[in-house]
Structures are given as C-alpha cells and as structure tokens.
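Below: the structure, in structure tokens.
The values are calculated or read from the model by the stated rules, or taken from the named source; none is laboratory data. This is a predicted model, so every value here is computed, not measured. Every residue, glycine among them, receives a Cβ derived from its backbone with ideal geometry; neighbour counts consider all protein chains shown.
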Amino acid sequence: MKTKICPITGHQMDAVFSAKLLNKYDVQYFYCEETGLLQTEEPYWLDEAYDQAIAATDTGILRRNLLHLLRSLPLLNALTGEQSKLLDVGGGYGILTRMLRDVGYDCYSYDKYCQNLFADGFEPEGNFSASALFAFEVFEHIEDPMTFLQENFSNYSCRTIILSTQTFDNSVPDKDWWYYSFATGQHITFYQPKTLKILAEKNGCFYYPLGKGFHLITDQHLSKINQVIFSNRVLNTLQALYLIIKQRKLSKTQLDSNAMKEKIKSVES
C-alpha cells in the first residue's frame, strides 16, 4: 500500500483518490489535513511528462506572461525599486524576463527543464543575489515546496518571492478540477492559502494572497493600502501601465541587443 509523508510537517498524509496521468499511469493522491497540502505519490513519471517542457496544450502562455508582468510591476516598485536585480526561477522560455528587461528591470532567468529562448545570455552566474524572485506556475510542479523555498532563499540571498498557482479551499477538489491537468502529468502539488501561509511562516516570512492565483511571500511588511491595490486587478493594472510609461527610458532592449552582438563577435574572433 502506497504512503506519503508531508514535506512541510513530516507527518503521514491521507490517501484521498487516484487518477490516470498521461493517460496510462494510475497515480495515488494524498492530503495533509494540518497544512492543506495535496500531492501525488512520488512522481516517477516526470521525465516523460517533461519530454516537452511547455505542454502543447498551453495556448495561453503569452497572455499569462503579460498578466504576470502587469501584476508584478507595482509590487516590484513597492518592494525593490527599479534598480533591483531579479530572477525568474522556472523561467521557461524566458518570456517574462525579456518583458521585464524591456521595461527597465535587471531580470534573469533559470529553468532546468526548458531552453531560455527569449532572454538567452541572461542567466544567473557565480554568486548571484537577487532582490526578488519569481516562481510563476512553478509551485504546482515541485514535490518539496519547503526545500524549494529554503534553497532559493539561501542560494540567491533573497527573502521575497512572487508566485502564481491556483489554490483551493477546505475540501479536496473534485476530480474534474481543471488544474489537476491529469493529461500532462506535470502538476503534482496543490495548495490552499493556509498552506502557503504555513510555508511563509516556517521561513520567517509573511504571506499575502493578492488575487486569484497570485501570491507573495516576503520578509517585508506590505501596507494595508498596498494589499488592496495589488489585489484589485483594475487599480493594479493602472499603476503598472503608469510605471511602464514612467520607466520607458530605462528599457534594456537596445542595450541587451548591443551586448549580445559584442558577445557573438568575441566568440567568432
């Protein structure tokens, strides 16, 4: 009989249901009553699931990156300022990193499963430190969120992470919940707001839910008024658009192009 230990508490989790992943593997799901964490059994199928890092069914990837940009800019302005160094952990094709560099932020991208196509040359090296991290659509892919947070906070000398993942409340969602994504086999961990709050507190941080699927874990205090602004899609978008206009002269688009041309020249010579 399969069992599972909660990566947050170390306690035994309860088996709640099974489902067929990748249309061929019968997989057991486990639930931790204390933290609200829901997980698959040990994900032995991940190499196959990530044969294509970005699922072919993911037709909304560009739209979501634009939304992530707009939602992040006011937060960054409040927490780190325009001169900060940023890192997108699990950055995929580097789309968000390129967008952030285009509006003036010194952002870098890392993803062990996916080729950085749009921000090639802007990956963390050496003793890289960051003012803030991004983990958009990452937390549902990791088996041990506690270790993930601890390692990234330690590796990049940072205590702020902006993330996205869909959450559920109280009871385990029915098997028709779209976020399970049984067909791709890539989503293995699911959270409640209280799960993320516990993760934050165990890392000495605060947790702020900022609207559907959007979350902040940080050691900085976020004022009540900023929580309201960042949770309101309209107010947040207006502030983001203002910042894009205000910072247009800080864009790194041409500077990055020049840097890459010089890099190519040096390799050819």
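General observations
- Test: residue in the range 194-203 that is over 26 Å from residue 27 (Cβ atoms), part of a loop (DSSP other than H, G, I, E, B) and either touching a residue at least 12 places away in the same chain (Cβ under 8 Å) or of a type in the set (Phe, Trp, Tyr) (or both): yes
- Residues within the range 209-240 that are loosely packed, with under 15 Cβ neighbours inside 10 Å, in contact with a strand residue (DSSP E or B) (Cβ under 8 Å, 6 or more places away or on another chain) and not in a helix (DSSP H, G or I), tallied: 3
- Hey, residue 48 modelled with pLDDT under 95, over 26 Å from residue 144 (Cβ atoms) and of a type in the set (D, E, K, R) or not: no
- Hits in the range 143-184 (condition: without any contact (Cβ under 8 Å) to a residue 60 or more places away in the chain, under 14 Å from residue 195 (Cα atoms), assigned to a loop (DSSP other than H, G, I, E, B) and in contact with a strand residue (DSSP E or B) (Cβ under 9 Å, 6 or more places away or on another chain)): 165, 166
- Complete set of residues in the range 241-269 that are among the basic types (Lys, Arg), within 18 Å of residue 106 (Cβ to Cβ) and either part of a helix (DSSP H, G or I) or touching an Asp or Glu at 6+ places or on another chain (Cβ under 6 Å) (or both): 246, 248, 249, 263
- Inter-residue pairs, beta-carbon under 9 Å, first buried (at least 16 other Cβ atoms within 10 Å of the Cβ) and in the range 113-134, second basic (Lys, Arg), 6+ apart: 118/98; 119/98; 119/101; 122/98; 122/101; 130/85; 131/85; 132/85
Quick grid of which residues meet (1) crowded, with 19+ Cβ neighbours inside 10 Å; (2) in contact with a helix residue (DSSP H, G or I) (Cβ under 7 Å, 6 or more places away or on another chain); (3) within 26 Å of residue 231 (Cβ to Cβ):
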position: 139; (1), (2), (3): yes, yes, yes
position: 144; (1), (2), (3): no, no, no
position: 147; (1), (2), (3): no, no, no
position: 157; (1), (2), (3): no, no, no
position: 165; (1), (2), (3): yes, yes, yes
position: 168; (1), (2), (3): no, no, yes
position: 179; (1), (2), (3): no, no, yes
position: 184; (1), (2), (3): no, yes, no
position: 200; (1), (2), (3): yes, no, yes
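- Looking only at residues in the range 1-45 that are hydroxyl-bearing (Ser, Thr, Tyr) and in a strand (DSSP E or B), the one that is surrounded by the fewest Cβ atoms within 10 Å (Cβ to Cβ) is 18.
- Failed item, numbered, when residue 122 is tested on (1) over 28 Å from residue 228 (Cβ atoms); (2) assigned to a strand (DSSP E or B); (3) aromatic (Phe, Trp, Tyr): (2)
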